[in-house]
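The values are calculated or read from the model by the stated rules, or taken from the named source; none is laboratory data. Note that the structure is predicted; figures quoted are calculated from it, not measured. Here the Cβ is made from the backbone with ideal geometry for all residues, glycine too, and neighbour counts use every protein chain on show.
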Amino acid sequence: MKTNSIRRHVLALAGLLALGVSANVAAADAFPTKPLKILVGYSAGGAVDAIARSVGQRMSAILGQPVIVENKPGAGTNIAVKALIASPPDGYTLLLAANALAVNPSLFEPAPYDLERDLTPVASVGRVPVVFTVREGSAIKTLPELVAAARAKPGSVTVATPGNGSTPHLAMELFQHTAGLSLRHVPYKGGAQAITDVLGGHVDVVAVNALEVLPLAKSGKLKVLAVMSTERAAVLPGVPTVAESGYPGFEASVWYGFVAPAKLPQPVLAKLHDAVQKALESPEVRDQLAAAGGGPLPGPTSQFDKLLKTDAARYGKLIREANIKPD
């Protein structure tokens, strides 16, 4: 009797598990059945917001459901990340993240989240190079000249960035480490004031995203010394890369990509990834990325996962060694 009772319980449990698996598979097959939401950790009207809306519009057409963009700026994007982590892992809430996602666990104490434990990488979207730029008429006209000036008088060349721990700041730190230089960092509260002070001759060089200097570079008021992408930027074809300028393999760009909460079902992940890849093929999305100074970054989820881990490791090491603290 006891054996039969145990057997019945085991069979009943197996049946429940099978029903659960079947229900999950059915839900994944039907996905999506309601609107999706893209969280953005930046204010409305900025580059990330514009990219989210452009990609979201195409994903809506592909998936057959509305895609809503919700801005949750603040705390270096940590507010948006925490909102994502608190969401159900059902694919209906995504975050369009940038490099800060990989950097913040090392930059903030205590770490606001764990990349591997709390998040599921979905797909990379695009990449925008960081650039070294000077005002027109500066004595520094090329990247080798910047290096020569810094070596002649260590600590004399001032480099403005949008702030401590920003991607341009980390890119600057990475470059001076690679080149064996001593540059003097001047952090600002955003790129606009940093650019203004370069134009005014108050600082020598500014490191920012390509998007922020494009209009002034095209008008001749600023001169871009080098882009930090692996290849020349389509919007700045005449500007050499840092790698071309004597530092092979050097790369420091701003990337954008979608992440979801941890434990996202694989079939849902596959559908979302496929929708992003198709969205990146559209001229509208490519034009939006070009307007931001960059281009699309299609590829498998594994590629984005590797990018996240690589940036987390290299920038985490840099943050610890340089004792970088957030503003």
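Output the residues belonging to segment 63-80 that are more than 21 Å from LEU211 (Cα to Cα), at pLDDT 95 or above and surrounded by fewer than 17 Cβ atoms within 10 Å (Cβ to Cβ). Quick ask: steps written out before the conclusion?
Within segment 63-80, the first condition is being more than 21 Å from LEU211 (Cα to Cα), and the residues that meet it are 63-70, 72, 74-75, 78-80.
This time we only want the ones that are at pLDDT 95 or above, so: 63-70, 72, 78-80.
Hits for segment 63-80 are GLY64, GLN65, PRO66, ILE68, GLU70, ILE79.
Find the residue count for segment 113-135, including only residues that are assigned by TED's automatic domain parsing to the domain that holds LEU170 and among the hydroxyl-bearing types (Ser, Thr, Tyr).
Result for segment 113-135: 1.
Of all residues in segment 18-47 being hydroxyl-bearing (Ser, Thr, Tyr) and modelled with pLDDT of 55 or more, which is surrounded by the fewest Cβ atoms within 10 Å (Cβ to Cβ)? Even if it seems obvious, please write down each step before you answer.
Here is the first cut: in segment 18-47, the residues hydroxyl-bearing (Ser, Thr, Tyr) are 22, 33, 42-43.
Those still in the list that are modelled with pLDDT of 55 or more too: 33, 42-43.
Values: THR33: 9, TYR42: 19, SER43: 12.
So, considering only residues that are hydroxyl-bearing (Ser, Thr, Tyr) and modelled with pLDDT of 55 or more, the one surrounded by the fewest Cβ atoms within 10 Å (Cβ to Cβ) is THR33.
Suppose we filter segment 156-178 for residues that are over 18 Å from VAL134 (Cβ atoms) and not in a helix (DSSP H, G or I); how many remain?
Of the residues in segment 156-178, 4 are over 18 Å from VAL134 (Cβ atoms) and not in a helix (DSSP H, G or I).
For segment 306-327, which residues satisfy the criterion of being surrounded by fewer than 19 Cβ atoms within 10 Å (Cβ to Cβ) and of a type in the set (D, E, K, R)?
LYS306, LYS309, ARG314, LYS317, ARG320, GLU321, LYS325, ASP327
Does segment 204-225 contain at least one residue that is closer than 27 Å to ARG151 by Cα and loosely packed, with under 15 Cβ neighbours inside 10 Å? Lay out the reasoning, then the answer.
If we filter segment 204-225 for residues that are closer than 27 Å to ARG151 by Cα, which is where we start, we get 204-210, 213, 217, 221-225.
Right, trim to loosely packed, with under 15 Cβ neighbours inside 10 Å and you get none.
Within segment 204-225 (the criterion being closer than 27 Å to ARG151 by Cα and loosely packed, with under 15 Cβ neighbours inside 10 Å), the answer is no, since none of the residues qualifies.
Can you tell me which residues in segment 236-264 are under 19 Å from the mean Cα position of the chain (by Cα) and of a type outside the set (S, T, N, Q)? Full working, then the answer.
From segment 236-264, those under 19 Å from the mean Cα position of the chain (by Cα) are 250-262; that's our starting set.
Within segment 236-264, PHE250, GLU251, ALA252, VAL254, TRP255, TYR256, GLY257, PHE258, VAL259, ALA260, PRO261, ALA262 meet the criteria.
Sort through LYS325, LYS309 and tell me the only one that's more than 16 Å from ALA97 (Cα to Cα) and in contact (Cβ under 8 Å) with a residue 40 or more places away in the chain.
On the way: LYS309 fails: more than 16 Å from ALA97 (Cα to Cα).
Residue meeting the stated conditions: LYS325.
Looking at segment 100-151, which of its residues are in a loop (DSSP other than H, G, I, E, B) and either surrounded by fewer than 14 Cβ atoms within 10 Å (Cβ to Cβ) or among the charged types (D, E, K, R) (or both)? Let's see the steps before the verdict.
Our first condition is that a residue be in a loop (DSSP other than H, G, I, E, B); within segment 100-151, this holds for 108-114, 136-142.
Those that are in a loop (DSSP other than H, G, I, E, B) and either surrounded by fewer than 14 Cβ atoms within 10 Å (Cβ to Cβ) or among the charged types (D, E, K, R) (or both): GLU109, PRO110, ALA111, ASP114, GLU136, GLY137, ALA139, LYS141.
Could you please let me know if LYS263 is more than 23 Å from ALA61 (Cβ to Cβ), in the same structural domain as VAL48 (by TED's automatic domain parsing), without any contact (Cβ under 8 Å) to a residue 60 or more places away in the chain and not hydroxyl-bearing (Ser, Thr, Tyr)? Don't jump to the end; show me each part of the working.
Values: more than 23 Å from ALA61 (Cβ to Cβ): yes; in the same structural domain as VAL48 (by TED's automatic domain parsing): yes; without any contact (Cβ under 8 Å) to a residue 60 or more places away in the chain: no; not hydroxyl-bearing (Ser, Thr, Tyr): yes.
Judged against the criteria, LYS263 is not a match.
Could you count how many residues in segment 132-158 are under 22 Å from the mean Cα position of the chain (by Cα) and among the hydrophobic types (A, V, I, L, M, F, W, C)? Walk me through it before giving the result.
Narrowing segment 132-158 to residues under 22 Å from the mean Cα position of the chain (by Cα): 132-133.
Among the residues that remain, those that are also among the hydrophobic types (A, V, I, L, M, F, W, C) are: 132.
Final tally of qualifying residues: 1.
ASP90 fails exactly one of the following numbered conditions: (1) touching a strand residue (DSSP E or B) at 6+ places or on another chain (Cβ under 9 Å); (2) at pLDDT below 95. What is the number of that condition?
Every listed condition holds for ASP90 apart from (2).
Would you be able to tell me the number of residues in segment 58-96 that are outside any helix (DSSP H, G or I) and not charged (D, E, K, R)? Even if it seems obvious, please write down each step before you answer.
Residues of segment 58-96 outside any helix (DSSP H, G or I): 64-74, 86-96.
Okay, now just the ones that are also not charged (D, E, K, R), so 64-69, 71, 73-74, 86-89, 91-96.
Counting residues in segment 58-96 that are outside any helix (DSSP H, G or I) and not charged (D, E, K, R) gives 19.
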